[in-house]
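The values are calculated or read from the model by the stated rules, or taken from the named source; none is laboratory data. Given the structure is predicted, the values throughout are model-derived calculations rather than measurements. We place every Cβ from the backbone using ideal geometry, glycine too, and count neighbours over all the protein chains shown. These accessible areas exclude ligands, DNA and RNA; they are computed on the full protein's heavy atoms, side chains included. Shrake-Rupley method; radii C 1.70, N 1.55, O 1.52, S 1.80 Å.
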Amino acid sequence: MENKFAFAKDLVYKAGAYILEHMEEGLEVEEKTCATDLVTQMDKNVQALLVSEILKHYPNDAIFAEEGQLKEDIEVGSVWVIDPIDGTANFVAQGYDFAVMVAYYENGIGQFGIIYDVMRDEMYHGGGQFDVKCNDKVLKPFRNRPLKRFLIASNAGMLERNDWGVADLTKDCLGARAYGSAAISFSRILQGRLLTYITYLYPWDYAAALILGEKLGYQVMTLDGAKPDYKTRQGIMMLPKEKISELQEYIYRRGEN
């Protein structure tokens, strides 16, 4: 596993270098499900690079990736979960606050996750048998403090509508942030800068963070408290295990409008 983990980190750095080399080129931007759900040729090219290198070195492994038809069952065999550029709208609009995410699972069990904030050159990596680090710095497990001393993250729509009581929760903590990227939001939690991230996500958006967070005392669950299905877009939250009951008082009280 150590060799595979080292390979994965090197590959994600390679993907980041590719983005930096080509990001000044004209972007071909397409809308997927809505005006803010974007894909560019860079998303496709980065995914192709990642998939090609993985299958060249590990031809018997499977791929579950955001773009295209590569949607293998994460519960069966050795599966790589890929989000080539998380935060594509940020990438298109400002060239910042986006990340490459890769996770590796064996029969549904996360072995390691990687979130690479390309522009800050910060790689969050580890989980499973590995320490969770930001670059070379070992990250500390969750440290509890009162709710009113934490910030949370969500998306603008949920906050405006108070979906699942997110706006109510915001009133009882220091406030909310919307980064426009699951990867960036999760990285803030891993650093201890956010308490929770609550939004709607696909499996490739949370697969790496789930592995990383478990090692530090966090849990990824659906908004109704179930295990994510790794198949569909669901309401998802990452939160400290110590705070589950406290936060569910808000989430369960409201439900989805």
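Within straight-line reach of residue 9, meaning a Cα separation under 26 Å, sit the following lysines at least 8 residues removed in sequence or on another chain: 44, 56, 71, 133, 137, 140, 215, 231. The charge dipole of region 147-249, taken about its Cα centre with unit charges on the Cβ atoms of Lys, Arg (+1), Asp and Glu (-1) only, comes to about 320 debye. Of the solvent-accessible surface of the chain, computed with a 1.4 Å probe over protein heavy atoms with every protein chain present, carbon and sulfur atoms account for 46 percent.
Protein-only accessible surface at a 1.4 angstrom probe places the residues 245, 187, 78 in the order 245, 78, 187, largest first.
Using a cutoff of 8 angstrom between alpha carbon atoms and counting only pairs six or more residues apart, the relative contact order for the chain works out to 15 percent. Only protein heavy atoms count here; on that basis, with a 1.4 Å probe, residue 22 has an accessible area of about 40 Å².
Region 147-249 gives an Rg/Rh value of 0.91, both radii derived from C-alpha positions and Rh following Kirkwood. Axis of helix 244-254 versus longest Cα principal axis of the chain: the two differ by about 80°, to the nearest ten degrees. Between the entries (i) 17.8, 54; (ii) 16.2, 46; (iii) 17.4, 50, the label attached to Rg and Dmax of the Cα atoms in Å calculated for this structure is (iii). Relative to the first principal axis of the alpha-carbon coordinates of the chain, what is the inclination of helix 41-57, with its axis defined by its Cα atoms, in degrees from 0 to 90 and to the nearest 10? Value to nearest ten degrees: 70. Looking at 240, 26, 185, which one has the Cα that reaches farthest to the positive end of the dipole of the chain (charges on Cβ: Lys, Arg +1; Asp, Glu -1)? Result: 240, furthest along the dipole toward the positive end.
Evaluate 2.2 N^0.38 Å with N set to the residue count of region 1-147, then give the Cα radius of gyration divided by it. The reported ratio for this selection is 1.08. For the chain, the solvent-accessible area works out to 44 Å² per residue, with a probe of 1.4 Å and every protein chain left in place. On the basis of the beta-carbon distance and an R0 of 41 Å, residue 3 and residue 143 show a calculated FRET efficiency of 0.80.
Rounded to the nearest 20 debye, the dipole magnitude of region 1-138 is 340 debye, with +1 charges on Lys and Arg beta carbons, -1 on Asp and Glu beta carbons, and the Cα centre as origin. Residues whose amide H falls under 5 Å from that of residue 78, counting only those 5 or more places apart or on a different chain, are 62, 107, with hydrogens built in the peptide plane. Only protein heavy atoms count here; on that basis, with a 1.4 Å probe, residue 13 has an accessible area of about 90 Å². When nucleic acids and ligands are ignored and a 1.4 Å probe is applied, residue 71 ends up with an accessible area of around 90 Å². Helix 2-22 and the longest principal axis of the Cα set of the chain meet at an angle near 90°. Against the empirical 2.2 N^0.38 Å (N residues), region 87-147 has a Cα radius of gyration ratio of 1.35. Taken about its Cα centre, the chain carries a charge dipole of roughly 1220 debye when the Cβ of each Lys and Arg holds +1 and the Cβ of each Asp and Glu holds -1. Once the C-beta distance of residue 78 and residue 14 is scaled by a Förster radius of 22 Å, the resulting FRET efficiency is 0.60 to the nearest 0.05. Toward the positive end of the charge dipole of the chain, with +1 on the Cβ of Lys and Arg and -1 on the Cβ of Asp and Glu, the farthest Cα among 99, 12, 210 is that of 210.
Take the Cβ atoms of residue 71 and residue 107, set R0 to 22 Å, and the FRET efficiency comes out at 0.80. Can you tally the net charge around residue 82? Count Lys and Arg as +1, Asp and Glu as -1, for every other residue whose Cβ sits under 9 Å from the Cβ of residue 82. Charge balance near residue 82 sits at -3.
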